[in-house]
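Participant: I'd like to ask some things about the structure below.
The values are calculated or read from the model by the stated rules, or taken from the named source; none is laboratory data. Remember, it's a predicted structure, so these values are computed and weren't measured experimentally. So basically every Cβ, Gly included, is an ideal-geometry build from the backbone, and we count neighbours across all protein chains shown. We work out accessible area using only protein heavy atoms, side chains counted, and drop any ligands, DNA or RNA first. Shrake-Rupley method; radii C 1.70, N 1.55, O 1.52, S 1.80 Å.
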Amino acid sequence: MLEEKALLQKLARGEADALDCIYNKYKDDLLTIAVSRLCDVHLAEDCLQDVFVGFAEEAGKFQIQHNLKGYLISSILNRARNQLKKEGKTSSNAIEACDDIQTSDNPVSNLVENETKREVFNVLAKLPDEQHEVIVMHLYGEMKFREIAKQLKLSINTVQSRYRYGLEKLKTFFTIKEEEK
Amino acid sequence: MKPSEKIEELIKSVRVETRQQTDRLISDKAKEIFIETRKASDRYRPKLSIWRIIMRSPITKLAAAAVMLFIVISGVIILDKLATPAWAIEQTVKALGKIRTLVICGEDNWGSEIIPFKFQIRFSEDDNGKFDMRFESEKQIIVVRGTKAWTYLHDENTVKIYEDVTSSSGMMRDLRIWYKIAELNPWITGKMLAALKLFADDWQETYEKDEQTGQERVFVNCSFKPLSSSFWFVCETESKLIVEGKYWRNTERQGPPVCHAKSFTYNEELSDKVFDFQVPEGAKVINRNEEQEADILFARGEKLFEEKDFTEAIKVYREAYEKYPNLNVAETSLMMIGICHRKLGEREKAIITFEKTIREYGDMKGWIESTYFYLGCAYMDQGQKDKALEAFQNCIIMGEGIRDSDKFPLKDARENIERLKKKK
């Protein structure tokens, strides 16, 4: 948190190098979160670029006041959702696209190296938006429920129950997958 | 089936890493954009020091008074775009610089209510940057006398006293907001001249003669999309002074304006009496210094709560409640004590505390609807469905029109009511 504050102060002073530090700090988490919604690494990279360039532009104009991590995660999730809408897909039919990934020239199979990864992303992307966002914020963003509640303007109870229901669903999905095998 | 912990571990273990070429591309692009935007906005970004200098001039001293005067300042700036032989911004600035007093009467839009206001300001004859000011409407009174200020909110019947409005700790909220706006955007300083030329391209001007006085006036329309704001001003071409103004929080000048400054009276004699502040009978008086101390104590409680040290947090919240019973922080602290008890599994104590909060602070527009919500939850913990239902319903009643019905706690209360009804 302190580090985040210092980086934002550096940005406010116009030190562009702070952007590198912020990018390096969050890039993998953000990309993972985008893939978990889109099941497509190339699209996820596009989202990451949009989010980060958008952030740089905002940081150039104003002094950023938000909780940086929460802000970036929310931004990438919004981008990913918009991307799905643009592609005319819902989270569930994005899965079908992911299920189709078999060939090596497919971007996902290039980067999502093994079956477990694919399986996890497939299953995560099946979750409804509100459960998915809470789960990825907590597990990939390492945000506390209280922080998530603040970011999403929800009560802690709601966040916790969304998380719990989401995990229950994941359990069911994994069970079905295992049974299919 | 995998247990939850294992699923959490599994998800956490699966990550995707960015490729080096992607990193380079994004990083370079982001830095390039950052530097470009920074350069562009630096041209218009008022530095605080500049702002302080500007604050000494009579024109911008108006800005410190109240947010509604945004229109006056913006108006002066917008007029620059109209620089014609009949009119130049320097003339308006110069004309305003000679002002010793100003009275503005108009209407403020408070939600759906239109509230008349009167604003009076008198600048020190020594030109030392000091001024006396009074803003009065049915909703509030703000008086500034030199460096001391009073604010009074009719609905809360509360007076707040600021011993030194110029110190950062004593600065009034509006003034702080004003500084923040100055820091964040270039609208309200001279820097706006350049910015406006770049961005506000839908301005319109019309020259007309006033039927009553025969004087020529200019009518100005302008909007600024990034702030979703639009303005309308009337300025006399002879005196160069603004005579009427409107400000909307949309770019199309749709609906009633947020503020309509209907009349401007310059250099009228204003006696000392105008700037006297009398504490209304029965009003609660709060000294801002006390409020700050209370905030610090409350923040300590919040930190302990965050650290899940609920027992210690209760002690600190209780101290805040007992030490500052008349401040809003007392109500919040009491509610937080209830939440801590609930976290500690002390359901009975939680209920007693929430009920106490409602009993003691039920008339405050603070967290009372949230307290009802948590009370409902505490009753639910105990299986007392009827009482829980009643508390959730009270939450909705208390929050109606104040809180967003689609957000916490109203939304959650509605959901819990449905859940309880299904169980019945």
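Participant: I'd like the full set of residues that are within 11 Å of chain B (Cβ to nearest Cβ), of a type outside the set (D, E, K, R), open to solvent by 20 Å² or more (accessible area, probe 1.4 Å) and part of a helix (DSSP H, G or I), limited to the range A:54-86.
Facilitator: A:Gly54
Participant: Does the range B:290-298 contain at least one residue that is in contact with an Asp or Glu (Cβ under 7 Å, 6 or more places away or on another chain), over 20 Å from B:Arg145 (Cα atoms), open to solvent by less than 50 Å² (accessible area, probe 1.4 Å) and at pLDDT 90 or above?
Facilitator: Yes - at least one qualifying residue is present in the range B:290-298.
Participant: Name the single residue that is farthest from A:Lys27 (Cα to Cα) among those in the range B:8-22 being more than 7 Å from chain A (Cβ to nearest Cβ) and charged (D, E, K, R).
Facilitator: Residues of the range B:8-22 that are more than 7 Å from chain A (Cβ to nearest Cβ), as a first pass: B:9, B:13, B:19-21.
Narrowing further to those that are charged (D, E, K, R): B:9, B:19.
Numbers: B:Glu9: 21, B:Arg19: 10 Å.
The selected residue is B:Glu9.
Yes/no matrix, rows are residues, columns are (1) within 25 Å of the chain's Cα centre (by Cα); (2) at negative phi; (3) surrounded by 16 or more Cβ atoms within 10 Å (Cβ to Cβ); (4) in contact (Cβ under 8 Å) with a residue 12 or more places away in the chain:
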{"site": "B:Glu208", "(1), (2), (3), (4)": "no, yes, no, no"}
{"site": "B:Gly214", "(1), (2), (3), (4)": "no, no, no, no"}
{"site": "B:Asn221", "(1), (2), (3), (4)": "no, yes, yes, yes"}
{"site": "B:Phe233", "(1), (2), (3), (4)": "yes, yes, yes, yes"}
{"site": "B:Leu241", "(1), (2), (3), (4)": "no, yes, yes, yes"}
{"site": "B:Arg253", "(1), (2), (3), (4)": "yes, no, yes, yes"}
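Participant: Could you grab me the full set of residues in the range A:30-53 that are in contact (Cβ under 8 Å) with a residue 40 or more places away in the chain and surrounded by fewer than 20 Cβ atoms within 10 Å (Cβ to Cβ)?
Facilitator: A:His42
Participant: Restrict the check to the range A:97-107 and report whether at least one residue is at pLDDT 80 or above, part of a helix (DSSP H, G or I) and open to solvent by 40 Å² or more (accessible area, probe 1.4 Å).
Facilitator: No, that holds for no residue.
Participant: Out of (1) farther than 23 Å from B:Glu156 by Cβ; (2) assigned to a helix (DSSP H, G or I), what's the single condition that is false for B:Glu331?
Facilitator: All conditions are met except number (1).
Participant: Filter the range A:26-53 down to the residues that are polar (S, T, N, Q) and either over 13 Å from A:Ala125 (Cα atoms) or more than 9 Å from every other protein chain (Cβ to nearest Cβ) (or both) and list them by number.
Facilitator: Correct list: A:Gln49 only.
Participant: Criterion first (outside any helix (DSSP H, G or I) and out of contact with any strand residue (DSSP E or B) (no Cβ under 8 Å at 6 or more places or on another chain)) does B:Gly301 satisfy it?
Facilitator: So B:Gly301 does not fit the description; no.
Participant: Step by step: first the residues of the range B:300-325, then only those that are aliphatic (A, V, I, L, M) and farther than 27 Å from B:Asn157 by Cβ, then the one that is surrounded by the fewest Cβ atoms within 10 Å (Cβ to Cβ). Which residue is that?
Facilitator: Here the answer is B:Leu304.
Participant: Are there any pairs with C-beta distances below 6 angstrom linking a residue in the range A:130-156 that is closer than 18 Å to B:Asp406 by Cα and within 11 Å of chain B (Cβ to nearest Cβ) to a residue that is of a type in the set (A, V, I, L, M) and open to solvent by 10 Å² or more (accessible area, probe 1.4 Å), with the two at least 6 apart or on different chains, and if so which?
Facilitator: Within 6 Å, the pairs are A:Ala149/A:Ile156.
Residue by residue, here is whether (1) farther than 24 Å from A:Arg146 by Cβ; (2) out of contact with any Lys or Arg (no Cβ under 8 Å at 6 or more places or on another chain); (3) open to solvent by less than 70 Å² (accessible area, probe 1.4 Å); (4) not hydrophobic (A, V, I, L, M, F, W, C) holds:
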position: B:Val329; (1), (2), (3), (4): no, yes, yes, no
position: B:Cys340; (1), (2), (3), (4): no, yes, yes, no
position: B:Tyr361; (1), (2), (3), (4): no, yes, yes, yes
position: B:Ile368; (1), (2), (3), (4): no, yes, yes, no
position: B:Tyr379; (1), (2), (3), (4): no, no, yes, yes
position: B:Gln382; (1), (2), (3), (4): yes, no, yes, yes
position: B:Lys387; (1), (2), (3), (4): yes, yes, no, yes
position: B:Arg414; (1), (2), (3), (4): no, yes, no, yes
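Residues checked against (1) assigned to a strand (DSSP E or B); (2) modelled with pLDDT of 55 or more; (3) touching a helix residue (DSSP H, G or I) at 6+ places or on another chain (Cβ under 7 Å):
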site	(1), (2), (3)
B:Ile115	yes, yes, no
B:Gln120	yes, yes, yes
B:Asn128	no, yes, no
B:Phe135	yes, yes, yes
B:Ile142	yes, yes, no
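Participant: Something else: Select from the range B:389-412 the residues that are surrounded by 14 or more Cβ atoms within 10 Å (Cβ to Cβ) and of a type in the set (D, E, K, R) and write down the one among them that is farthest from the chain's Cα centre (by Cα).
Facilitator: Initially, the range B:389-412 is screened for residues surrounded by 14 or more Cβ atoms within 10 Å (Cβ to Cβ), giving B:389-396, B:398-399, B:403, B:407-412.
When the remaining residues are screened for being of a type in the set (D, E, K, R), the result is B:390, B:403, B:407, B:411-412.
Values: B:Glu390: 34, B:Arg403: 16, B:Lys407: 20, B:Lys411: 25, B:Asp412: 26 Å.
Result: B:Glu390.
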